[in-house]
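Notes follow the structure.
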Amino acid sequence: MSKSHHDRTHHVKKATGKGDPQCFKGEAGPPKFKVGDHVRIKDLPDLFYTRCQVYTRGAPCTVAALVYESPAAEDEAWDNTDKPEWFYSLIFRQKDLWPDYPEAYANDTVETELSERWLEKA
Amino acid sequence: MNASSKNDTNAENGEHMVDLTPIALLETIRSHGRVWGELAAQYGVTNPDPPWKVNLEATCDALSAEACALPLLERRSEEDELSASLYSNVPFPERQLLALAHSMIKRGLVDEKELASRMKQVHDRLTSA
Amino acid sequence: MAKKPTEGEHGHRPPAPMVDEVSDFEVLEMAVRELAIEKGLFSAEDHRRWTEYMDTLGPLPAARLVAKAWLDPAYKKLAVTDGVKASLQVGIDWVNSMPTNFGTPSDYCNLRVLEDTPKLKHVVVCTLCSCYPRPILGQSPEWYRTPNYRRRLVRWPRQVLAEFGLQLPPDVDVRVEDSNQKSRFIVLPMRPAGTEGWTEDQLAEIVTRDCLIGVAVPKPGVTANAKRPVHPAVHPVHHDH
């Protein structure tokens, strides 16, 4: 993995007294998805850096909440904070992640957050 | 493919995050150093963690947050890989410390010889009082 | 964390036992730190600031948040809607506090409090590394950092919980919260029976770190985390799509 070298001076100024991710509030524009939407995780290339876990890729899920606005981890690792995105809390049925998950526990779920670029309408 | 991160996947495919070649200085510490659990039992100390643990944690955070010489995620991935291989028999947090020193030497942030001579100085200072 | 020496019966402090031996690990830690400072990777002042911060951390504020939420429905509502604001009432300011005043890569300022119900049990993991709500819960335990826990919890949550001694009936759904972006999570477990009339202090005592991660549930009389041996990952996980 390549190294990312951060100049944090700019970030410190922006985030001090507000917090991160709070400092990006209002910068992402209108969200594409809303609570209750059925979506699917795109399998985007991630040659350099990502926080999108392999187990979610291609899987269907439901938007549980719009949680905050922030640059995507994939951009922020390179100090690119120009385009904040909406982050969504997403709920996956275990059965949709692992087809052999026991039927007796059909309502077990995994919840995790991803930025808008990873989502498409299911 | 793996359920965890890309990093795990890479490791299992034989692509390592970190050079796993043993480092002589750290091998000596690994095999001869007395770990906290042993010392605490011998001296009847009940604190579950060695007093230096908090300093180690501060060093790890400062390395990532200040000049970003060793970003947190990279250090943690390397620590995981080293903990499962070279240092698998070392308890925590001694293992975290060896992994940190290993990552720093392999990245050229410190030099093995320089670290050995600094350790000798520190040891003399601590035992001369 | 270090135990504070307690006053003896006659008002004097019993001598605290000390390790009278310099270990190679202690020397290595100091040598690494000194060289890092000399090379400008961070300053001595940075290190002091981080050490002070580490020293303030522990699980008590999160335990108190849960106890307060059990006693006060309005506070509970605040906790589940705005964890950062609710933290202020237990003395934790996620935003305006040392060491950075804006959260660090490991301590972003977005706490979410996950409320268990009679039909839903939450449990927290970070499959990516070991993201953890340090400002309000302290340093993560070693098992939380291991690939064993991180890989297996998402795939076999009920088996992993059973290893912690938590057997859940099929009519309780398990929700694994994978904390790998900017939110950090604590679990607000169900208040157990047998605690009627208890004070906030009494309630906070049974909300252990493990209850706040979600691998245990509070029980009257249980105020400590169970010891847990750390094993290497035994089941590498295979992905199906």
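The values are calculated or read from the model by the stated rules, or taken from the named source; none is laboratory data. As the structure is a prediction and not an experimental result, all values here were calculated from the model. Every residue, glycine as well, gets a Cβ built from its backbone with ideal geometry; the counts of neighbours run over all protein chains shown. Keep in mind that these areas ignore ligands, DNA and RNA; they rest on the heavy atoms of the full protein, side chains included. Shrake-Rupley method; radii C 1.70, N 1.55, O 1.52, S 1.80 Å.
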From largest accessible area down, sort C:Arg64, B:Arg95; use a 1.4 Å probe on the protein chains. C:Arg64, B:Arg95
Taking a ≥ b ≥ c as the square roots of the Cα gyration tensor eigenvalues, with a/c under 1.5 meaning rounded and otherwise prolate when a/b beats b/c or oblate if not, segment A:67-122 comes out prolate
If you put +1 on each Lys and Arg Cβ and -1 on each Asp and Glu Cβ, how big is the dipole of segment A:39-121 around its Cα centre, in Debye rounded to 20? 300 debye
Using the crude model of +1 on Lys and Arg Cβ and -1 on Asp and Glu Cβ, and no other charge, please compute the dipole size for the protein assembly as shown relative to its Cα centre, in debye to 20. 820 debye
Quick check: at a probe of 1.4 Å, how many percent of the accessible area of the protein assembly as shown sits on carbon and sulfur atoms? 54 percent
Equivalent ellipsoid semi-axes for segment C:58-213, as square roots of 5 times the alpha carbon gyration tensor eigenvalues: give them largest first, rounded to whole Å. 23, 22, 13
Using all Cα-Cα distances in chain B, what percent lands in each 5 angstrom bin from 0 up to the longest? 2, 9, 17, 20, 22, 15, 9, 4, 2, 1, 0, 0
Just the number please: accessible area per residue for chain B, 1.4 Å probe, all protein chains included, in Å². 41 Å²
Under a cut-off of 17 Å between alpha-carbon atoms, report the lysines in cross-link reach of C:Lys85, not counting same-chain residues fewer than 8 places apart. A:Lys18, A:Lys25, C:Lys68, C:Lys76, C:Lys77, C:Lys182
Could you run the numbers on buried accessible area between C and B, total for both chains, 1.4 angstrom probe, in Å² to the nearest 100? 5300 Å²
Give me D for the protein assembly as shown in µm² s⁻¹, whole number, from Stokes-Einstein with Rh from the Kirkwood sum over alpha-carbon pairs, 10 °C and 1.306 mPa s. 67 µm²/s
Once phi is turned into ³J(HN,Hα) by the Karplus curve 6.51 cos²θ - 1.76 cosθ + 1.60 with θ = phi - 60°, what whole-Hz value does each residue of segment B:109-120 show in order, with x for glycine and proline? 6, 9, 9, 4, 5, 4, 5, 4, 6, 5, 4, 5
Formal net charge of residues neighbouring A:Val110 (Cβ-Cβ distance under 12 Å; K, R +1; D, E -1): -3
Could you name the lysines in cross-link range of A:Lys95, using Cα to Cα under 18 Å and dropping any fewer than eight places away on the same chain? C:Lys121
Leaving out ligands, DNA and RNA, calculate the buried accessible area for the pair B and A with a 1.4 Å probe, summed over both sides, in Å² to the nearest 100. 1100 Å²
Using modelled backbone amide H atoms (1.01 Å from N, in-plane), which distant-in-sequence or interchain residues come within less than 5 Å of C:Leu114's amide H? C:Ile186, C:Val187, C:Leu188
Which residues' amide hydrogens lie under 5 Å from the amide hydrogen of A:Glu85, considering only partners 5 or more residues apart or on another chain, with H built in the peptide plane? A:Ser70, A:Ala72
Residue by residue through segment A:18-32, which ³J(HN,Hα) values in whole Hz follow from phi under the Karplus form 6.51 cos²θ - 1.76 cosθ + 1.60 (θ = phi - 60°), with glycine and proline marked x? 10, x, 10, x, 4, 5, 9, 4, x, 9, 8, x, x, x, 7
Would you mind checking which residues have amide H under 5 Å from A:Thr109's amide H? H placed 1.01 Å from N; only 5 or more apart, or other chain. A:Gln94, C:Val174, C:Arg175, C:Val176
For chain A, report the accessible area per residue in Å² (1.4 Å probe, heavy atoms, rounded to an integer). 47 Å²
For a quick check of understanding: with a 1.4 angstrom probe and all protein chains in place, what accessible area in square angstrom does C:Val217 have, to the nearest ten? 50 Å²
Hey, can you list the residues from segment C:162-206 whose accessible area shrinks by 20 Å² or more with all protein chains present, relative to the chain by itself (probe 1.4 Å, no ligands or nucleic acids)? C:Pro170, C:Asp173, C:Val174, C:Arg175, C:Val176, C:Glu177, C:Asp178, C:Asn180, C:Gln181, C:Lys182, C:Ser183
Would you mind counting up the charge near B:Glu114? Only other residues with Cβ under 13 Å from its Cβ, with Lys and Arg at +1 and Asp and Glu at -1. 0
Dimensionless Rg/Rh of chain A - Kirkwood Rh, Rg from C-alpha atoms: 1.02
Under the rule a/c < 1.5 gives rounded, and otherwise a/b versus b/c splits prolate from oblate, where does segment B:21-63 land using the Cα gyration tensor? oblate
Simple Cβ-charge dipole of chain B, Lys/Arg +1 and Asp/Glu -1, about Cα centre, in debye nearest 20: 420 debye
Below 15 angstrom from the Cβ of C:Pro61, what's the summed charge of the other residues (Lys, Arg +1; Asp, Glu -1)? 0
Calculated [θ] (222 nm, deg cm²/dmol) that DSSP helices of n ≥ 4 give over chain B, each run adding -39,500 (n - 2.57): -18500 deg cm²/dmol
Rounded to the nearest 5, the percent of antiparallel DSSP beta bridges in the protein assembly as shown equals 55 percent
J(HN,Hα) series, segment C:152-166, from Karplus relation 6.51 cos²θ - 1.76 cosθ + 1.60, nearest Hz, glycine and proline x: 7, 4, 5, 8, 10, x, 5, 5, 5, 4, 4, 5, 7, x, 10
Just the accessible area for C:Arg48, please: 1.4 Å probe, Å², rounded to the nearest 10? 100 Å²
At a probe radius of 1.4 Å, figure out the C/A buried accessible area, summed over both chains, and give it in Å² to the nearest 100. 3300 Å²
